[in-house]
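Working notes for the structure below.
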Amino acid sequence: MVSIPKPDPTITGYTVRDLRFPTSLDAIGSDPMNTAGENAHGYIVYDTDVPGLEGIGWSFSNGQGNEVLCAGIKCLAPRFVGRKLSSITSDFATTHRNFLGGQTRFMSPERGVMQLASNAILNALWDMWAKVEGKPLWRLVAEMTPEQLVGVIDFRYITDELTPEQALAFLKEKEKGKAERLALALQNLAVPGYNTSVGWLGLSDAEVEAGLRKAVDAGFKHFKLKVGQGLEVDRKRLGMVRRISPDAVIMTDVNQLWDVDYAIEYMPKLADLGLWFIEEPTSPDDILGHARIRAALKPHGIGVATGEHVNNRVMFKQLLQADALDAVQLDALRLSGINEILAVCLLAAKFGVPVVPHSGGTGMPELCNHISHFDFVAISGKQSILEYTDHCHEYFSDPAEFSNGHFHAPTAPGYSCQITEEAFSKFECPEGSFWQSEKGQLMLNDPWRGCAAEQTSPMK
Ligand SMILES: [Mg+2]
């Protein structure tokens, strides 16, 4: 058989697009802090000199401000135009460090909008790399040697906790059993899911109940509900889960609503319902506050989780060092690409804390599915769970699939980032047909949309 050499594409140009799904109309993503969010994507396509080969990536926002994210992507994207893919990936750790440097670092180093923008670009590069290798991204990572895997990570700022040499030894140890874990992944049994769609804050009791029954039928055994509406309401909604699925693992999420002492006072009053954790009990920046909450709730059997607004590996390192977490909820769009996600997965594995990626927004299950698969096969070696939401999968060219309580392992080459042209024709902002409609214009022109007390446009 004649082997065909893999292409080494040169990046020739790029397109950046602003896409906003009007998810607020269905209360999707609604929580105590975000009453009306439009799941939005800053989307980049890198063109190459290889016919038919593109690198596609995106990062996420909650609607307003997505134009700022797109501006960040446009600012950083030219750095890779004219480069051969191999010149980026051959020493990816150094390329990554250089990419996060320079004048733009002043905007807020490894935080904020520029971090999100860096993520979109890195996702496009990893997507392109996986396509060149002919593998789904999770498998590209899972089948790297320990040396190759360590070679894509910039360890700056975490060597006090994890050096490249320690990471290498750890990964070599995890080679044991890897073939069996890969086999399990290929049978679609590696990544169980938990369901968040049943628990959006804006759903009526009837909608929560109907969603729960459907989810139980689909094989879900883990559910997460938004809380923070007061004890009576919270107990009623959580009690519904206990009644319909008595053995379910129940998680709660309050999306940064509380002060530290209030969280410590409130959560024990729900302890008899049997809860795994409270997510984002307070400001995502309050590392010591999370540690205090966790210590206080431990005797009540309730843990603490956070991560969807944790900007970088340094914050995760400190959260782990402070003994503040029962689950590392890293976000596929918040950190700086697979490179930094790998650093956080390694830190979590070192501390023995499971990675439970934040996956509640449109398209996140598609991406996080890759992360959970490579974490299980190559890094932690332990089964965890991944958040599943059931909205908007139809707009993805390689949608996340789910059955028998588990995510399916992606099979198409790449990082599953591609969104269909049908989605862009409806929801590209502002020219898509929805945003040009009367309702879309009302929503788009309400500068307070999502700020409950000030919002002027109708919720539906
Ligand atoms: Mg959350």
Original post:
With point charges of +1 on the Cβ of Lys and Arg and -1 on the Cβ of Asp and Glu, referenced to the Cα centre of segment 109-172, which listed residue (Phe155, Trp138, Leu171) lies farthest in the positive direction of the dipole?
Top reply: Trp138
Original post:
So in the chain, what percent of DSSP beta bridges are antiparallel if you round to the nearest 5?
Top reply: 55 percent
Original post:
Relative contact order for segment 337-404 using alpha-carbon pairs under 8 Å, separation at least 6, rounded to a whole percent?
Top reply: 33 percent
Original post:
Along the positive direction of the dipole of the chain (beta-carbon charges: Lys, Arg +1; Asp, Glu -1; about the Cα centre), which of His358, Asn311, Leu288 reaches farthest?
Top reply: Leu288
Original post:
Which lysines, on any chain, are close to Lys460 with Cα under 23 Å apart, when same-chain ones fewer than 8 places away are left out?
Top reply: Lys226, Lys426, Lys439
Original post:
Where the only charges are on Cβ atoms (+1 Lys, Arg; -1 Asp, Glu), what is the dipole of segment 1-81 about its Cα centre, to the nearest 20 debye?
Top reply: 180 debye
Subject >> Per-residue [θ]222 nm for the chain (sum of -39500 (n - 2.57) over DSSP H runs n ≥ 4, rounded to 500) >> reply: -11000 deg cm²/dmol
Subject >> Debye intensity ratio I(q)/I(0), log10, the chain, q values 0.08, 0.12 Å⁻¹ (C-alpha model) >> reply: -0.44, -1.04
Original post:
Using the count of nearby Cβ atoms within 10 Å as a rough guide to exposure, how do Arg20, Arg334 rank from fewest to most?
Top reply: Arg334, Arg20
Subject >> Between segment 52-107 and segment 415-435, the Cα center-to-center distance that results, in Å >> reply: 21 Å
Original post:
Tell me, what is a quarter of the convex hull surface for the C-alpha atoms of segment 164-407, in nm² with one decimal?
Top reply: 12.8 nm²
Subject >> Euclidean distance between Cα centres, segment 265-312 to segment 179-240, Å >> reply: 19 Å
Original post:
What are the ³J(HN,Hα) values, in whole Hz, obtained from phi via the Karplus relation 6.51 cos²θ - 1.76 cosθ + 1.60 with θ = phi - 60°, for each residue of segment 244-253 in sequence order, with x given for Gly and Pro?
Top reply: 7, 9, x, 9, 4, 8, 10, 10, 10, 9
**OP:** Could you please report the charge total around Thr159, scoring K, R as +1 and D, E as -1 over all other residues with beta-carbon less than 12 angstrom from its beta-carbon?
**Re:** -1
**OP:** Please work out how much length the chain gains when fully extended from Ser108 to Gln166, using 0.36 nm per residue of separation minus the C-alpha to C-alpha distance, in nm with one decimal.
**Re:** 17.9 nm
Subject >> Ranked Met114, Met144, criterion: other C-beta atoms within 10 Å, fewest first >> reply: Met144, Met114
Original post:
Once you charge only the Cβ atoms, +1 for Lys and Arg and -1 for Asp and Glu, what is the size of the charge dipole of the chain about its Cα centre, to the nearest 20 debye?
Top reply: 720 debye
Original post:
When the dipole is taken about the Cα centre of segment 230-298, and only Lys, Arg (+1) and Asp, Glu (-1) are charged at their Cβ, what size is it in debye, to the nearest 20?
Top reply: 380 debye
Original post:
Do the alpha carbons of any pairs in Lys350/Lys382; Lys135/Lys350; Lys174/Lys350 sit beyond 22 Å of each other, and which pairs?
Top reply: Lys135/Lys350
Original post:
Taking neighbour Cβ counts within 10 Å as the exposure measure, how do Cys368, Cys75, Cys70, Cys392 sort from fewest upward?
Top reply: Cys75, Cys392, Cys70, Cys368
**OP:** Kindly identify segment 2-109 as rounded, prolate or oblate by the Cα gyration tensor criterion: order the square roots of the eigenvalues as a ≥ b ≥ c, call it rounded if a/c is under 1.5, otherwise compare a/b with b/c, prolate if a/b is larger, else oblate.
**Re:** prolate
Original post:
Where does the charge balance sit around Asp49 when Lys and Arg score +1, Asp and Glu -1, over other residues with C-beta under 13 Å from its C-beta?
Top reply: -1
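Any read-out appearing in this document is the output of simple, stated calculations on the displayed coordinates, not a laboratory observation. Everything numeric here is computed off the predicted structure, so don't read it as measured data. For neighbour counting, all protein chains shown are included, and Cβ atoms are generated from backbone atoms with ideal geometry for every residue, glycine included.
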